[in-house]
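Chemist: Before we start, here is the structure in question, set down as structure tokens.
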Amino acid sequence: MTIIKQLVQVSIRVLAIASPLFYFSTLPAVRAEIQPVSQPVSVEANLIVSVRREGGFCRPGGCFSEVAIFADGTYRYSDRTQQKTGRINRLEIRRFQKRIAAANFEKIKSQPFTGTCPLAYDGPETVYTFRKGSQTEVIRSCQTQIDGKNPLFRQAERVYQQIVSR
């Protein structure tokens, strides 16, 4: 075998191994590790709840969508391609405020998530942020087992879906 053929074969082997590594190293970071609950969250003063889907396998720019709901009844929806604002009715805001005030966040957070985080298979994690007075509670679905029957989470998901589909 000539030296050129040997070099070509070695180059092909190196490329076969290195190409996927290079490809994945150029993708935006998809973090599957669990973030600490105490991680600082930028929260606007009049925010009462936000539901954010983040992570997964997306083109550059990252995967996310978020609905942020404010005490005055306004909301802001944003994702990779758009941002829109609107209003939800006062009754919905009062329900959120009552449910947040009554929520036992320590008890909610005491239920660890033990399954496979959707980030592990290119799905999104849901991050809930609730404002209770001056306290901000952040609950990540890959850390905490979310009780789908809990009225606060049911309302948050319902309103999120309604706003996203507008």
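Chemist: Confirm whether TYR75 is within 14 Å of the chain's Cα centre (by Cα) and outside any helix (DSSP H, G or I).
Modeler: The answer is no for TYR75.
Chemist: Sticking with this structure for a sec: Return a yes/no flag: does region 144-158 have any residue that is of a type in the set (Lys, Arg), more than 15 Å from VAL51 (Cβ to Cβ), in contact with a helix residue (DSSP H, G or I) (Cβ under 8 Å, 6 or more places away or on another chain) and surrounded by fewer than 18 Cβ atoms within 10 Å (Cβ to Cβ). First the steps, then the outcome.
Modeler: Here is the first cut: in region 144-158, the residues of a type in the set (Lys, Arg) are 149, 154, 158.
Among the residues that remain, those that are also more than 15 Å from VAL51 (Cβ to Cβ) are: 149.
Cutting the leftovers down to in contact with a helix residue (DSSP H, G or I) (Cβ under 8 Å, 6 or more places away or on another chain) gives us none.
No; the residues of region 144-158 include none that is of a type in the set (Lys, Arg), more than 15 Å from VAL51 (Cβ to Cβ), in contact with a helix residue (DSSP H, G or I) (Cβ under 8 Å, 6 or more places away or on another chain) and surrounded by fewer than 18 Cβ atoms within 10 Å (Cβ to Cβ).
Chemist: Residue by residue through region 121-142, note down the ones that are surrounded by 12 or more Cβ atoms within 10 Å (Cβ to Cβ), modelled with pLDDT under 95 and either outside any strand (DSSP E or B) or touching a His at 6+ places or on another chain (Cβ under 8 Å) (or both).
Modeler: ASP122, GLY123, PRO124, listed by residue number.
Chemist: Could I ask something else about it? Can you say whether THR114 is farther than 24 Å from ILE69 by Cβ and either surrounded by fewer than 20 Cβ atoms within 10 Å (Cβ to Cβ) or not hydrophobic (A, V, I, L, M, F, W, C) (or both), as far as the supplied structure shows?
Modeler: Numbers: farther than 24 Å from ILE69 by Cβ: yes; either surrounded by fewer than 20 Cβ atoms within 10 Å (Cβ to Cβ) or not hydrophobic (A, V, I, L, M, F, W, C) (or both): yes.
Spelling it out, THR114 is indeed farther than 24 Å from ILE69 by Cβ and either surrounded by fewer than 20 Cβ atoms within 10 Å (Cβ to Cβ) or not hydrophobic (A, V, I, L, M, F, W, C) (or both).
Chemist: Also, quick follow-up: Could you tell me which of the residues SER165, SER134, SER141 is over 30 Å from CYS58 (Cα atoms) and not basic (Lys, Arg)?
Modeler: Only one candidate passes the filter, namely SER134.
Chemist: Could you please find all residues in region 86-111 being of a type in the set (Gly, Ala, Ser), surrounded by fewer than 16 Cβ atoms within 10 Å (Cβ to Cβ) and under 22 Å from the mean Cα position of the chain (by Cα)?
Modeler: Going through region 86-111, the residues of a type in the set (Gly, Ala, Ser) turn out to be 86, 101-103, 110.
Of the ones still in play, those that are also surrounded by fewer than 16 Cβ atoms within 10 Å (Cβ to Cβ) are 86, 101-102, 110.
GLY86, SER110, listed by residue number.
Chemist: Could you give me the residue pairs with C-beta distances under 6 Å whose first residue belongs to region 137-161 and is touching a residue at least 24 places away in the same chain (Cβ under 8 Å), whose second residue is acidic (Asp, Glu) wherever it lies, and which are 6+ apart or on separate chains?
Modeler: Matching pairs, first to second residue: SER141/GLU125; CYS142/GLU125.
The values are calculated or read from the model by the stated rules, or taken from the named source; none is laboratory data. Predicted model only: the values in this text are computed from it and were never measured. Counting neighbours? That spans all protein chains shown, and the Cβs are built from the backbone with ideal geometry, glycine included.
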